[in-house]
1. So what is the relative contact order of the stretch 5-227, in percent, for Cα pairs below 8 Å that sit 6 or more residues apart?
2. Given q = 0.10, 0.14, 0.18, 0.25 Å⁻¹, what are the Debye log10 I(q)/I(0) values for the stretch 75-165, with equal point scatterers placed on the Cα positions and solvent ignored?
3. Between LYS188 and GLU214, 0.36 nm times their residue separation minus their Cα-Cα distance comes to what?
4. Given the Cα atoms of the stretch 16-66, and with Rh set as the inverse mean 1/r over their pairs in the Kirkwood sense, what is Rg to Rh to two decimals?
5. Return the loop-located trypsin sites (Lys or Arg not before Pro) in the stretch 53-102 (DSSP other than H, G, I, E, B) with at most 13 other Cβ atoms within 10 Å of their own Cβ; answer none if there are none.
6. Identify the residues of the stretch 155-171 with backbone N under 20 Å of a label point that sits 7 angstrom from the Cα of MET90 along the Cα-to-Cβ direction, or state none.
7. As a quick test, which of the pairs LYS33/LYS147; LYS147/LYS218; LYS79/LYS194 have an alpha carbon distance above 29 angstrom in this structure?
8. Once a ≥ b ≥ c are taken as the square roots of the eigenvalues of the Cα gyration tensor of the stretch 131-230, is the result rounded (a/c under 1.5), prolate (a/b larger than b/c) or oblate (a/b not larger than b/c)?
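What follows draws every value from the coordinates through simple rules; no lab data is involved. Just so you know, these numbers come straight off a predicted model, no measurement behind them. Every residue, glycine as well, gets a Cβ built from its backbone with ideal geometry; the counts of neighbours run over all protein chains shown.
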Amino acid sequence: MPQDPYFGRPEISNSDLSALKNLLYPREEIGNKERAYANGTLLDNMITEIEKVDFYRLRVQYCDYQFTQEEFDTAAAMKKAFLKDPFCKMLNDASDYQAITMNYNFDIEYNGFQFQLSAGVRCKWDLLARGFKMGGDIKSTTAQTLKQFYAACHLFDYFRSRAWYMDLEGIDKDVLIGISKVNKQVFKIFLDRKAPLNTEARQLYELGKAQYQELAFKYWMLFDGLKLTA
C-alpha cells in the first residue's frame with residue numbers, strides 16, 4: 001500500500017526520536033500495537049480527513065489495516081463525543097487540519113550545548129489554530145478517567161511530542177485530547193510554555209521539552225556529530 005508522502009520526508013520528526021528511544025531503551029510492547037495505531041489513525045481521519053475514510057470497504061488511505069464494522073462504529077461514536085464537547089468543537093472549527101510545520105534552523109539546547117539537526121525538523125498537526133496560537137492532538141485511549149489518561153500520556157511520551165510541536169511552530173498553547181474508546185469520555189490536558197513556572201500546564205511543557213532535548217542531542221551525536229569528526 002502506498003505510504004503518505006509526509007512520512008518519507010528527510011526532516012527529523014518526533015517519531016524519529018521515539019524510534020531512537022526504542023532502539024536505545026527497548027521495552028516490551030503493551031497490547032496490540034498495530035491495532036492501536038490503526039484505530040488512532042481511523043479516529044484522526046474521521047475527524048480531520050474524512051475524505052480518506054472508505055466507509056464501504058472499511059479502510060483508510062495509507063493504512064494497511066482491515067478494520068471491522070465495530071471499529072468504525074466506535075470511532076464514529078468517539079467523533080460524536082469530541083464534537084459534543086464545547087471546547088473541542090471550538091478548537092476544531094478554528095483549526096487547520098493536518099497542517100505541516102518544517103523548520104531548517106531549529107536551535108536545540110542540551111545542558112548548555114546548542115545545536116541543530118542538519119536534516120531539519122518537522123511535525124504534522126491534528127489541529128492547528130494559528131489564530132489562537134494553539135494546537136491540539138487527538139488521542140484514542142482505553143483510559144476511562146482523566147487520571148488514567150495522564151498515566152497514558154506519561155507512558156507514551158505525549159508531553160514530549162507536544163513540546164516538540166509547540167516549539168517547532170512557535171506557539172504557546174497546546175492541548176492533548178483523549179477520547180475513551182471504552183466509555184466515550186473526553187479528557188483534556190493543557191500545556192502552556194508562557195504560563196507561570198508553578199502551574200501544571202507549564203510544568204508539563206517543560207517536562208516534554210527536556211525529554212526532546214535529551215533525545216535530539218543523542219540523535220545529533222549518533223548521526224550529525226559523527227559527520228563532524230569523520
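1. 19 percent
2. Evaluating at q = 0.10, 0.14, 0.18, 0.25 Å⁻¹ gives log10 I(q)/I(0) of -0.36, -0.67, -0.99, -1.34.
3. 6.7 nm
4. Looking at the stretch 16-66, the ratio lands at 1.10.
5. Answer in residue order: ARG57.
6. Within reach of a label on MET90, which here means backbone N under 20 Å from a point 7 Å along Cα→Cβ, the stretch 155-171 contributes 171.
7. LYS147/LYS218; LYS79/LYS194
8. In terms of gyration-tensor shape, prolate.
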